[in-house]
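The values are calculated or read from the model by the stated rules, or taken from the named source; none is laboratory data. If you're wondering where the values come from, they're calculated on a predicted model, not measured in any experiment. All Cβ positions, glycine included, derive from the backbone under ideal geometry; neighbour counts span all protein chains shown.
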Amino acid sequence: MAKRSAPEINAGSMADIAFLLLIFFLVTTTIDKDKGLLRQLPPPIDENAPPPPKIKDKNLFIVLVNRNNDLLVEGELMELKDLKQAAIDFLDNGGAPRGGEIAYCDYCQGERNPSSSDNPDKAIISLTSDRLTDYDMYVAVQNELGAAYNYLRDREAQRLFGWKYTEKNASLTQMSSDAQREKAKEQLKQIRDLFPFILTEAEAKQN
Amino acid sequence: MSKFKKKGGGELPPISTASLPDIVFMLLFFFMVATVLRKNNLKVDNILPPANQTEKLDKTRTVFIYVGKPKDQYVKGRGTEANIQIGDKFVDIPELKAAIFEEVNKLRDELRSKVVVALKVDEGANTGVVNDVKKELREANLPKIIYITTQGESVQ
């Protein structure tokens, strides 16, 4: 009986099929690149809560954005590009005197102007926007205020630990060991406590 | 006559393409793994504003809210003002909390307490709508939000 060898299957078209699938997945893929500005909303309003403590005017940095996307900072018209520096000057001021009632800010490098903020953890930025303000302007303002904090946190992290706050924060997920990550988190928190992000938001009164 | 006579002339043997499918399959698997099929069909315009002080978003614990003008085919029912979309449907402010909890319940149990709400808002929208959404989120006790942006300079 003649033995018939099985004919070899031609695999030449295999590549074509694979290419077809490859191209399909190439086209449908959206490699995710969602990034954004992380913010914390205040807790729900509690009617039984005690009234909030009075905040001194000098510890408030008031930013207003009107419906024409004009920026008013501390009562003066300002360009968006100057906002970051103005916020840095305010946060880094450290105006409380040494040995006073309010803690002296020994890491601040600002002008120590007594009529500006006492201490970074007392300094509050208040952002008020109109209902008709464009969202891109709003995000730009949020971005600049975030940039001011990031600048100061970077500076302090550089001074204390020799790395940048923002870079360390971004590389947190890539760290291999848990111990390393915990240590980094601890240090990041330490920096955050030096310049806590305090931003209050309000909506402009309608009239 | 030498025993090791060269056969033929100096012709090159044809390059074997047998490993080509393997290479292609490798690429194919990479893209299959990296692909995230879009879950939500966008019913609103969504061009995000630029910012450069951004942080990465952890996808697993996120609920998305889209805000923007309705696309052309929905203008008839929803008007031209900025609308809110959660999941696959349009949502109005009074229904927002219910819709958002529905989405939160789709997440894994252990992540529900650390939900981050991602706001994908069109750059042409007004902050009024965003403020309304934030007010609802505040009342719903979902304090962590992230404004999704594109990478870029916000100051011209």
So, restricting to strands (runs of 3 or more DSSP E) that lie completely within the stretch A:39-117, which ones have at least 3 residues that are within 14 Å of chain B (Cβ to nearest Cβ)? A:60-65
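The rows are residues; the columns are (1) among the aliphatic types (A, V, I, L, M); (2) over 27 Å from A:D154 (Cα atoms).
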position	(1), (2)
A:G36	no, no
A:P43	no, yes
A:P53	no, yes
A:K58	no, no
A:V65	yes, yes
A:F90	no, no
Determine which single condition A:K58 fails, assuming it passes every other condition in (1) exposed (fewer than 13 other Cβ atoms within 10 Å of the Cβ); (2) in contact with a Ser or Thr (Cβ under 6 Å, 6 or more places away or on another chain); (3) of a type outside the set (A, V, I, L, M, F, W, C). (1)
Name the one entry in B:T149, B:T60 that is closer than 22 Å to A:N169 by Cβ, more than 7 Å from chain A (Cβ to nearest Cβ) and outside any loop (DSSP other than H, G, I, E, B). B:T60
Out of A:E201, A:E182, A:E167, A:E144, sole residue that is crowded, with 21+ Cβ neighbours inside 10 Å and charged (D, E, K, R): A:E144
Test A:K33 against the stated conditions and say whether it is modelled with pLDDT of 85 or more and within 11 Å of chain B (Cβ to nearest Cβ). no
For A:K122, are the conditions met, namely being within 21 Å of the chain's Cα centre (by Cα), part of a loop (DSSP other than H, G, I, E, B) and away from every other protein chain (no Cβ under 14 Å)? yes
Could you please let me know if B:G77 is under 23 Å from A:K33 (Cβ atoms) and in contact with a Phe, Trp or Tyr (Cβ under 9 Å, 6 or more places away or on another chain)? no
For the stretch A:143-174, how many residues meet the condition of being more than 14 Å from chain B (Cβ to nearest Cβ) and at negative phi? 8
Of the residues in the stretch A:125-142, those that are over 17 Å from B:G152 (Cα atoms) and at the interface with another protein chain (Cβ under 8 Å from one of its Cβ atoms) come to A:S129, A:D130, A:R131, A:L132, A:T133, A:D134
Starting from the stretch B:95-121, keep only residues that are in contact (Cβ under 8 Å) with a residue 60 or more places away in the chain, then list their pairs with residues that are aromatic (F, W, Y) and in a helix (DSSP H, G or I) whose Cβ atoms are within a distance under 8 Å, requiring at least 6 positions of separation or different chains. B:V121/A:Y135
Give the residue, chosen from B:E102, B:E123, B:E139, B:E110, that is surrounded by fewer than 17 Cβ atoms within 10 Å (Cβ to Cβ) and within 14 Å of chain A (Cβ to nearest Cβ). B:E139
It is to be established whether one or more residues within the stretch A:105-128 are of a type in the set (K, R) and either under 30 Å from B:V67 (Cβ atoms) or in contact with a Pro (Cβ under 7 Å, 6 or more places away or on another chain) (or both). no
Of the residues that make up the stretch B:107-121, is at least one of a type in the set (S, T, Y), out of contact with any Cys (no Cβ under 8 Å at 6 or more places or on another chain) and part of a helix (DSSP H, G or I)? yes
Identify all residues within the stretch A:78-107 that are more than 27 Å from B:A51 (Cα to Cα) and surrounded by 18 or more Cβ atoms within 10 Å (Cβ to Cβ); write none if there are none. A:G94, A:G95, A:A96, A:C105
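Condition check ((1) within 12 Å of chain A (Cβ to nearest Cβ); (2) surrounded by fewer than 18 Cβ atoms within 10 Å (Cβ to Cβ); (3) within 24 Å of A:R131 (Cβ to Cβ)) across all residues:
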position	(1), (2), (3)
B:I23	yes, yes, no
B:M32	yes, yes, no
B:Q53	yes, no, no
B:V67	yes, no, yes
B:K71	no, yes, yes
B:K76	no, yes, no
For the stretch B:43-66, what are the residues that are in contact (Cβ under 8 Å) with a residue 40 or more places away in the chain, under 25 Å from B:K114 (Cα atoms) and under 14 Å from the mean Cα position of the chain (by Cα)? B:L48, B:L57, B:D58, B:T60, B:R61, B:T62, B:V63, B:F64, B:I65, B:Y66
Mind listing just one residue for me: the one in the stretch B:67-77 that is assigned to a helix (DSSP H, G or I) and among the charged types (D, E, K, R) and, of those, nearest to the chain's Cα centre (by Cα)? B:D72
